[in-house]
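Asks: One structure coming up, written as structure tokens, with questions to follow.
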Amino acid sequence: MPAVSDAGPLIHLAQVGRLNLLKQIFGKVTIVRSVKHEVVDEGIRLSHPDAVLVKNAMVEGWITVVTPTSRLLRRAKRLARQEKLSLSDSQTLLVAKTLTQSLLTDEKPLSILGRMYGLGVWNTWTVLLEALRAGFIGKVEIHAAINELGQKRHKLSARRAEEILRIADRLAPSDT
């Protein structure tokens, strides 16, 4: 089941060395050109190592870039104004809806709209938890991601971190 991603999950999963989980779970991931610019072009310009990982996934062909049609772009501009979203986020949402694919985002307003549009919505944490459930990673990787992302970059509250760890314990109770 392929997915369409905004920048957040790509950046965060690459930062913890787990970008490959998207390939394992979704097979293929589509991004709009503006997401590619934000994650890869700007990331490389700013010497972010995670940008190179995303670029490599594009070269491997499991992350693909689409250019929205002029009709979709007009709709995205209207949606961005109405819902106070970035143009990139509204393009990502409409491409996911058009392709009837899951939406990958860490943005709460975009998640809510994605659900309203009937899309499966995933974020960095649900991807990591699904990877744990599927046996692609262990609980130690969940703990490491919470330490790396949650405390430093993702602004994860202590309550939310505890909730993620409780879910991880239910998914893999004997894993360390």
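Asks: Percentage of Cα-Cα pair distances in the range 125-171 greater than 17 Å, rounded to whole percent? Working shown, then result.
Replies: Working: 237 of 1081 pairs.
The share of Cα pairs beyond 17 Å in the range 125-171 comes to 22 percent.
Asks: By how many degrees, 0 to 90 and rounded to 10, does the Cα axis of helix 70-83 deviate from the longest principal axis of the chain?
Replies: The helix 70-83 is inclined about 60 degrees to the chain.
Asks: Still on this structure, I have one more. Against the longest alpha carbon principal axis of the chain, how many degrees, from 0 to 90 and to the nearest 10, is the axis of helix 87-99 turned?
Replies: Here the helix axis deviates by roughly 90 degrees.
Asks: Going by average Cβ neighbours within 10 Å, how do the peptides 124-133, 15-24, 87-96 rank, with the highest at the top? Intermediate values should be presented prior to the final figure.
Replies: Working: 124-133: 20.8, 15-24: 19.1, 87-96: 24.7.
Those peptides, ordered most packed to least, come out 87-96, 124-133, 15-24.
Asks: Could I ask something else about it? The chain: D in µm²/s via Stokes-Einstein (Kirkwood Rh, Cα pairs, 37 °C, 0.692 mPa s)?
Replies: Rounded to a whole number, D works out at 199 µm²/s.
Asks: Mind checking the angle between helix 158-171 and the chain's longest principal axis? C-alpha axes, 0 to 90 degrees, to the nearest 10.
Replies: Between the helix axis and the principal axis of the chain, the angle is about 70 degrees.
Asks: Ok, one more. With Cβ to Cβ distances under 11 Å as the rule, what net charge do the other residues near Arg166 carry (K, R +1; D, E -1)?
Replies: Working: positive: Arg159, Arg160, Arg170; negative: Glu162, Glu163, Asp169.
Once positives and negatives cancel, what remains is 0.
Asks: Given the pairs Lys77/Lys108; Lys97/Lys139; Lys36/Lys97; Lys23/Lys108, which span a C-alpha to C-alpha distance of over 27 angstrom in this model? It would help to have the intermediate numbers written out before the result.
Replies: On the way: Lys77/Lys108 19 Å; Lys97/Lys139 33 Å; Lys36/Lys97 19 Å; Lys23/Lys108 23 Å.
Distance filter (> 27 Å) returns Lys97/Lys139.
Asks: Another one. How would you order 105-112, 27-34, 79-86 from highest to lowest mean count of nearby Cβ atoms within 10 Å?
Replies: Details: 105-112: 17.8, 27-34: 20.2, 79-86: 14.5.
Result, highest mean Cβ count within 10 Å first: 27-34, 105-112, 79-86.
Asks: A follow-up question, please. When the helices in the chain are scored as -39500 (n - 2.57) per DSSP H run of 4 or longer and the sum is shared across all residues, what 222 nm value do you end up with, to the nearest 500 deg cm²/dmol?
Replies: Details: 11 runs with 104 residues, N = 176.
Computed mean residue ellipticity for the chain: -17000 deg cm²/dmol.
Asks: Count charges around Pro109 for me, please; just the other residues with Cβ under 15 Å from its Cβ, Lys/Arg as +1, Asp/Glu as -1.
Replies: Numbers: positive: Arg81, Lys84, Lys108, Arg115; negative: Asp6, Glu83, Asp89, Asp106, Glu107.
Local net charge: -1.
Asks: Residues with beta-carbon under 12 Å from that of Thr67, excluding Thr67: net charge, scoring Lys, Arg +1 and Asp, Glu -1? Write out the running numbers ahead of the final one.
Replies: Working: positive: Arg33, Lys36; negative: none.
Result for the local shell: +2.
Asks: Here is a follow-up. Taking Cα centroids, how far is the range 82-118 from the range 52-77 in Å?
Replies: Centre-to-centre (Cα) distance: 14 Å.
Every read-out reported here was derived from the displayed coordinates using simple, explicitly stated rules and does not represent laboratory data. No experiment lies behind these values; they were computed from the predicted model shown. Here the Cβ is made from the backbone with ideal geometry for all residues, glycine too, and neighbour counts use every protein chain on show.
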